[in-house]
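To start, the structure under review is shown below, and the notes come after it.
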Amino acid sequence: MTITTASPTRRDVLPWSALLALGTAVFITSLTETLPAGVLPQMSSAVGVSSGAAGQSVTLYATGTALTVIPLAAATAGVRRKPLLLGAMTVFLVANTLTATASGYAVLLVSRFLAGVAAGLAWAILAGYARRLAPPGQEGRAIAIAMTGIPLALSLGVPAGTLIGQQIGWRVSFAAVSVITLAVLGWITFGVPPVSRPTTPVRQPKPTARQTLRVPGVTATMVVVVTFVLGHTVVYAYIGPYLRQAGLGTATDAILLAFGIACLVSIWYTGRHIDRHLRGLALTAASLFTVATATFAVTTAQAAVWVAALAWGLGWGAAPTLLQTAAGHAGLRSGPAVADTAQAILVTLWNTAMALGGIIGGLLLQRVDVTANAVAAAGLGFLSLAVITLTRKHAFAPTDRETP
């Protein structure tokens, strides 16, 4: 089985321009998902619904992704990656433009679901695309570069979109995302080399989700995906009320900026070392997240909150790269097709965990108090740490190019 890639001039040189283009596509995907949180009051007023109803635009996006990523991955299994990625970004362009011009609530929900479908397709492509562009031994670093778009969307994209929404209008925020998407379409067209889609032998059926989960290491990795993402969402979605309780309500933007910068530092460091130290980095990330959320649970001392926010960012920033790399490594032991199916399962579980995190976090906030969110997040972080520790043989295990 061969995989055709456009090789860089030297086999040990990363194709930076192509990977940064993929990173910008990731930025658009993540920003499209999270931008409504910053402009929710303006959106709800414009379409004539409550903020709670407008907030369902975020839920519908995640639902669109969770419901479609595996079917789309299977349906497009024989399609070349570059045209498929261009198609996904074109749907983002249409969906965000439709959101920016939505005249009513129904149109808004349709546009958000459409964006979620585009995200499902994009997430099923991007990590594998980055991996195939990389020289041997640098696959993890390539994925890290592409995944930089996630913390950039959180630390820069959402604050910028929120500012634009407050000063000019929320529609302009989504229109700006469409403009960036147009630029990325051109960048991918002319700056990203094509890669062929690895296929299974003619007589061998493509792996199903059930078959993929039976591959050693895949199920354990997915358990960590669910616990880590669920724990993060439970606390992140409701960090505002917690900070107000800690007397830091007016510093929310600054704390989230510090969190975002820590995420960038984390993904930079991870990118440099992931191809040799996947397990150690995963253990460190889970430990930092658990300690940070436990700190939120036991104290509201302002200095401790600031330190915990930085530790949280250092632990969470690397999570997308670590989890996608771990899923890819586990799947690759049974072939590239299994690795791609594992990535599709990961995206489905990731978005399902995000949706559940919002629901569970809201229930905890209403029925207990905001500290309960931090307690739940710390418990889920500990479960992630335990699974990584106990599944040493297969999940997060070193490949033949890594240091045990």
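Worth a mention:
- Taking the 1.4 Å solvent-accessible surface of segment 93-232 as the whole, the part contributed by carbon and sulfur is 70%.
- Pairs of Cα atoms in segment 34-150 fall into 10 Å distance bins, from 0 up to the last occupied one, in shares of 14, 38, 29, 15, 4, 0 percent.
- If the chain linking V265 and V79 were pulled fully straight, counting 0.36 nm for each residue of separation and taking away their Cα-Cα distance, it would gain 63.4 nm.
- Whole-number D in µm²/s for the chain (Stokes-Einstein; Kirkwood sum over Cα pairs; 4 °C, 1.567 mPa s): 61
- Taking every DSSP helix (H) stretch of at least 4 residues in the chain, weighting each as -39,500 (n - 2.57) and dividing the sum by the residue count yields a mean residue ellipticity at 222 nm of -25000 deg cm²/dmol.
- Phi-based couplings in Hz for segment 70-78 (Karplus 6.51, -1.76, 1.60; Gly and Pro marked x): 5, x, 5, 4, 5, 5, 9, 4, x
- K82 - accessible surface, heavy atoms, 1.4 Å probe, Å² rounded to 10: 40
- At full extension, W16 and A209 could sit 66.2 nm farther apart than now, given 0.36 nm per residue minus the alpha carbon distance.
- Kirkwood Rh in Å, taken over all unlike Cα pairs in segment 258-404: 16.2
- Tensor-based shape of segment 243-299 (alpha-carbon gyration tensor, a/c under 1.5 rounded, otherwise prolate or oblate): oblate
- When the surface is traced with a 1.4 Å probe over the full set of protein chains, Y238 keeps roughly 50 Å² accessible.
- The alpha-carbon atoms of segment 59-104, seen along their principal axes, cover 38, 21, 10 angstrom, with the largest extent given first.
- In the context of the full set of protein chains, residues of segment 24-181 present 33 Å² of accessible surface per residue (probe radius 1.4 Å, heavy atoms only).
The values are calculated or read from the model by the stated rules, or taken from the named source; none is laboratory data. Quantities reported herein were computed from a predicted structural model and do not represent experimental measurements. We work out accessible area using only protein heavy atoms, side chains counted, and drop any ligands, DNA or RNA first. Shrake-Rupley method; radii C 1.70, N 1.55, O 1.52, S 1.80 Å.
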